Amino acid sequence: MKTTTCTLALLSCLLFDGSAWAHAHLRAEAPAADGTVGTAPAALSLTFSEGLEIKLSGATLKGSDGKAVSTGAPSLSPSDDKLMMVPITGQLGAGIYTVQWHALAKDGHTTHGTYQFTVGH
Amino acid sequence: MIAPHVALPLARLCFDTAAIAAYGISGFIAWVAPKRLGQAIAASSNFLIVAAGSLALLSTFAWLPIEAAVIGDSWQSALDRSTLSALLCDTAMGKAWLVRLALSLLLAAALLWRSTPIARLALSGLLLASLALTGHANMDEGARGVLHILNDALHLLAAGAWLGSLLALPGCLARLRDPAFCTEAKTALRRFSSAGHLAVALAIATGIVNTVLVLGRWPTDFTSTYQMLLVAKIALVAGMTGLALVNRYIFVPRMVTEPDRAIIQIRNGTYAELALGAGVLALVAFFGILDPA
């Protein structure tokens, strides 16, 4: 009886932990969406709900004038395949910037989205 | 021109239908029908099974460029070398596609040359189960991930056995009136009934586990298209189960008193079940790529 209860409890933890969602949703980002940073960041970091296929995921950065800021090749954090980092190689003056990201999750589904952040005061 | 994200579910529908048809008919011939009846059904369903094998191969070929077009969000990406090579070499989907390509080539070869029904059943079964290597079954990590993939593979095989073998059933029913095959056809029907109970029960049980693993809840949030279409699928499967039960427990017993009428009723019930099954495949092909949340 005790074993059955334990097994059921274990199974329900395994089944209903609710942490896993198919499709990569953006969970956190730095610089934060709609946030303001004092100094220009050296990279964008985007944390997703799913592991990514990095070769087919990425992000572009645009200034408020619509001009693209050059970025390096995106990479995954060595310890976390849900964290994508995109180095910023171009100059970032004060202003509003738009990040446009696209993600291919390990399970093969694509998602995309945009957010903005401000550099300066 | 249709958009890539519309072409993808269409390619999935073609593949699922073809793999299930090849697997179900082969299964009926290899496991359900006694030898002579199996040979007769194999001969009369040869065109259907070769067509299914060809469609499986064609839709496998088409899948890679369509997936590339979905990722690039334009048909130009379908033949873009860097997207295709990244997809093929650097993603889990690419590896799964190579497995599927190898299996569909082997199945096509097995269908063109004389191969045993068991070999056809094994190859089409592996091809169908290989669908579990991509999609929502791959969203989990660790032990839960392995459990999810195995459960999805079992779901595909059980549900495919149920739906696919229905395609061979009318050929078996027609031979009940043929004195040369009557005894074997009756044996086949008895075996079909026992195997059918197991396949239906397994398909429903693994379907429930799949739902819980993907959603982590019951599909009651109708603001989610995924959950709405999943409920529509469950309703169609409930209809198929009802038809199967009516066939087995109302029409089959009637074969003793009114064999002619009973055979026609079972045949019509089978066609109705197949029609609902086609609806299930169309729904799955579409909502399987949607976001469950």
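Values quoted throughout were computed directly from the atomic coordinates according to the rules given, and no laboratory measurement underlies them. The model shown is predicted, which means the values in this text are computed figures rather than measured ones. Every residue, glycine as well, gets a Cβ built from its backbone with ideal geometry; the counts of neighbours run over all protein chains shown.
Counting only C-alpha contacts under 8 Å and six or more residues apart, can you give the relative contact order of the stretch A:21-119 as a whole percent?
Details: 244 pairs, mean separation 34.8, N = 99.
Answer for the stretch A:21-119 is 35 percent.
For B:A3 and B:R190 in one chain, what is 0.36 nm times their gap in residues minus the Cα-Cα distance, to one decimal in nm? Mind showing how you got there, number by number?
On the way: separation 187, 0.36 × 187 = 67.32 nm, distance 4.69 nm.
Fully extending the segment from B:A3 to B:R190 adds 62.6 nm.
What list do you get for B:K186, A:K82 if you sort them by fewest beta carbons within 10 Å? Each step should come with its number before you reach the end.
Values: B:K186 16, A:K82 19.
Lowest count first: B:K186, A:K82.
So if I place +1 on the C-beta of Lys and Arg and -1 on the C-beta of Asp and Glu, and nothing else carries charge, what would the dipole magnitude of the stretch B:211-289 be about its Cα centre? I want it in debye, nearest 20.
On the way: 6 positive and 4 negative charges, 16 e Å.
Computed charge dipole of the stretch B:211-289: roughly 80 debye.
Which of the helices in chain B, when you take each full DSSP H run, stretch at least 15 Å along the axis at their Cα atoms and have an average Kyte-Doolittle score of 1.6 or higher?
Numbers: long enough: B:4-27 (34 Å, 0.95); B:46-72 (40 Å, 1.66); B:92-112 (30 Å, 1.75); B:117-129 (18 Å, 1.66); B:142-165 (34 Å, 0.80); B:182-215 (48 Å, 1.01); B:225-246 (32 Å, 1.65); B:259-287 (42 Å, 0.89).
Long hydrophobic helices here: B:46-72, B:92-112, B:117-129, B:225-246.
Which residue, chosen from B:I149, B:S124, B:A109, occupies the Cα position most advanced towards the positive end of the dipole of the stretch B:81-160, where the dipole is computed from +1 (Lys, Arg) and -1 (Asp, Glu) charges on Cβ about the Cα centre?
Most positive-ward Cα: B:A109.
Counting only other residues whose beta carbon sits under 13 Å from that of B:G207, what net charge do I get with K and R as +1, D and E as -1? Don't skip to the end; give the middle numbers.
Working: positive: B:K233; negative: B:D152.
Cβ neighbours under 13 Å give a net charge of 0.
Divide by every residue of chain B the summed helix terms, -39500 (n - 2.57) for each DSSP H run of at least 4, and state the resulting mean residue ellipticity at 222 nm, rounded to the nearest 500 deg cm²/dmol. Please report the intermediate quantities before stating the final value.
Numbers: 11 runs with 220 residues, N = 293.
Helix contribution divided over all residues of chain B: -26000 deg cm²/dmol.
Would you be so kind as to identify which of B:A275, B:M240, B:L169 lies farthest towards the positive end of the dipole of the stretch B:156-293, taking Lys and Arg as +1 and Asp and Glu as -1 on Cβ and the Cα centre as origin?
Checking the options against the dipole of the stretch B:156-293, the answer is B:L169.
Over chain B, what is the relative contact order in whole percent, taking alpha-carbon pairs under 8 Å and six or more residues apart?
Working: 372 pairs, mean separation 63.4, N = 293.
Worked out over chain B, it gives 22 percent.
Can you count the Lys pairs in the protein assembly as shown with C-alpha separation below 28 Å, eight or more apart or on different chains?
11
Under a point spin-label approximation (7 Å from Cα along Cα-to-Cβ), what is the A:A43-B:F222 distance to one decimal in nm?
4.7
Just counting partner chain Cβ atoms within 10 Å, what average do the residues of peptide B:82-92 show around their Cβ?
Details: counts 2, 2, 0, 1, 5, 5, 0, 1, 4, 8, 6.
If you average over the peptide's residues, the count of other-chain Cβ atoms is 3.
Taking 7 Å along the Cα-to-C-beta vector as the label spot, tell me the B:D178-B:A278 distance in nanometres, rounded to one decimal.
Inter-label distance under the simple model: 2.5 nm.
A:A33 to B:L88: FRET efficiency via 1/(1 + (r/R0)^6), r the Cβ-Cβ distance, R0 25 Å, to the nearest 0.05? Please list the in-between numbers first.
Values: r = 34 Å, r/R0 = 1.35.
Once the sixth-power term is evaluated, E becomes 0.15.
With a 10 Å Cβ neighbour count serving as the proxy for reagent exposure, in which order, fewest first, do B:I263, B:I49 appear? Each step should come with its number before you reach the end.
Numbers: B:I263 19, B:I49 24.
Lowest count first: B:I263, B:I49.
Could you state the orientation-averaged shadow area of the convex hull built on the Cα atoms of chain B, in nm² to one decimal?
Numbers: hull surface 64.5 nm².
Mean orientational projected area (chain B, Cα hull): 16.1 nm².
Please give the direction-averaged projected area of the C-alpha convex hull for the stretch A:21-119, in square nanometres with one decimal. Please list the in-between numbers first.
Values: hull surface 23.3 nm².
Averaged projected area of the stretch A:21-119's Cα convex hull equals 5.8 nm².
Taking the alpha-carbon centroid of each part, what is the distance from the stretch A:28-54 to the stretch B:221-293 in angstrom?
Measuring centre to centre over Cα atoms gives 47 Å.
Average partner chain C-beta neighbours within 10 Å, per residue of A:108-120? Mind showing how you got there, number by number?
Working: counts 17, 12, 7, 1, 1, 0, 0, 0, 0, 0, 0, 0, 0.
Taking all residues of A:108-120 together, the mean is 3.
Summing +1 for each Lys or Arg and -1 for each Asp or Glu, what net charge is found among the other residues whose Cβ lies under 10 Å from the Cβ of B:T91?
Values: positive: A:K55, A:K106, B:K95; negative: A:E53, B:E67, B:D90.
Summing Lys/Arg as +1 and Asp/Glu as -1 gives 0.
Could you list B:E67, A:E50, B:E258 in order of exposure, starting from the residue whose Cβ has the fewest other Cβ atoms within 10 Å?
Values: B:E67 28, A:E50 25, B:E258 12.
In increasing order of surrounding Cβ atoms, one gets B:E258, A:E50, B:E67.
Just subtract the alpha-carbon distance of B:Y271 and B:Y249 from 0.36 nm times their residue separation and send over the number in nm, one decimal.
On the way: separation 22, 0.36 × 22 = 7.92 nm, distance 1.72 nm.
Value of the extension gain: 6.2 nm.
Arranged from highest to lowest average of other beta-carbon atoms within 10 Å per residue, in what order do the peptides B:20-30, A:56-66, B:276-286 appear? Intermediate values should be presented prior to the final figure.
Details: B:20-30: 27.8, A:56-66: 16.3, B:276-286: 19.1.
Taking the mean over residues of other Cβ atoms within 10 Å, the ranking is B:20-30, B:276-286, A:56-66.
Set Lys and Arg Cβ to +1 and Asp and Glu Cβ to -1, take the dipole of the stretch A:21-119 about its Cα centre, and tell me which of A:L52, A:M85, A:I96 lies farthest positive.
A:I96
Given axes a ≥ b ≥ c from the Cα gyration tensor, I'd like to know whether the protein assembly as shown is rounded (a/c under 1.5), prolate (a/b larger than b/c) or oblate.
Values: a/c = 2.86, a/b = 2.10, b/c = 1.36.
In terms of gyration-tensor shape, prolate.
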